[in-house]
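Data block below; observations after.
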Amino acid sequence: MPREIRLYFEGDKSLKPGFDAFLQEIRARAGAARWKVSIIATGGNPERDFSIALRKHPEASNVLLRDSEGRYEPRLSGCLCEKHGWPMAQADAIFWMVQMMESWFHADKDALEKYYGKGFHKSALSANSNVEEIAKADLIEGLKAATKDTTKGKYHKTKHAPDLLRLVRPEVVRKAAPNCDKLFVEVLARVTAMT
C-alpha cells in the first residue's frame, strides 16, 4: 500500500508555500518515515477537489483542511460527509481552520508585529487566548485595524497571507487553536500507526 498523505487546503495556490512552511513538522516527520506528502490548493471549491481525490487516490491518506466559517461544532465533518455522499469514515480526515485561516495569525501576534513593523497596533487584535472563539468578522476587522498604519498597508489576504503563514509559529498557533493542534496530532498519528 502506498504511503502518501494528500492534504487539500481551502485557498488560492499562492498560499501553498506558506502551508508548506507551516506544516513543515508533518512534512518532515512523514518524510522521515518514507511517506510522500503533497499539499494541494483547492481554490474556492475544496469539496470538489476532495471528492476527486477520494476517487483518484483511494489508497492515499486524503485530508481536507478548510475554514469553518463560524463556530466549531463536532458534527461539522459528519455533515460535510452526508452533504457530499462521502463515507462517514472520511469525517476523521476533515480538519478545520476555525473560524477561518486568519485566526492562526491572531494566535502569533509577535510574528505579525515582526512582519508589519512600525505602525502595527497589536492592541487592535482580540486578546482572546482561544483564537477559535473570535468571530470571523472580528478576525478580519482586527487585522485591518492593527495594520492600517503600517508601510505594508491594511491586511490583504492575497498579498500578506502567504508570508504570514510562513512566519507564524505552529507551536504558538497550536496552543491557541485546538483544531489546528488536532490536525497535527491526528495526521502525525496516521504516519506513526503505519510505520
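Out of Phe105, Leu139, Ser68, whose Cα points farthest toward the positive end of the dipole of the chain (charges: +1 Lys, Arg; -1 Asp, Glu; placed on Cβ)?
Comparing the listed Cα positions along the dipole, Phe105 ranks first.
Of all alpha-carbon pairs in the range 20-164, indicate the percentage at a distance above 19 angstrom. Could the numbers behind the result be given before it?
Working: 6220 of 10440 pairs.
Summing the P(r) tail past 19 Å for the range 20-164 gives 60 percent.
Sticking with the crude label model, points 7 Å out along Cα→Cβ, report the distance from Ala193 to Thr151 in nm, one decimal please.
Placing both labels 7 Å beyond Cα along the Cβ direction yields 4.9 nm.
At a threshold of 8 angstrom on Cα-Cα distance, excluding pairs fewer than six apart, so keeping six or more, what relative contact order does the chain reach in percent?
On the way: 319 pairs, mean separation 47.9, N = 195.
Relative contact order comes out at 25 percent.
Which value, to two decimals, describes the C-alpha radius of gyration of the range 102-171 once divided by 2.2 N^0.38 Å? Intermediate results must be reported in sequence, preceding the final value.
Working: Rg = 10.7 Å, N = 70, 2.2 N^0.38 = 11.1 Å.
Output field value: 0.97.
Would you compute, for the Cα atoms of the range 55-95, the largest minus smallest coordinate along each principal axis and list the three values in descending order, in whole Å?
Here the spans come out as 32, 17, 13 Å, largest first.
The numbers here are math on the coordinates, done by the rules we state, and not lab data. Everything quoted here is computed from the prediction, not taken from an experiment. Here Cβ is always computed from backbone atoms with ideal geometry, including for glycine, and neighbour counts include all displayed protein chains.
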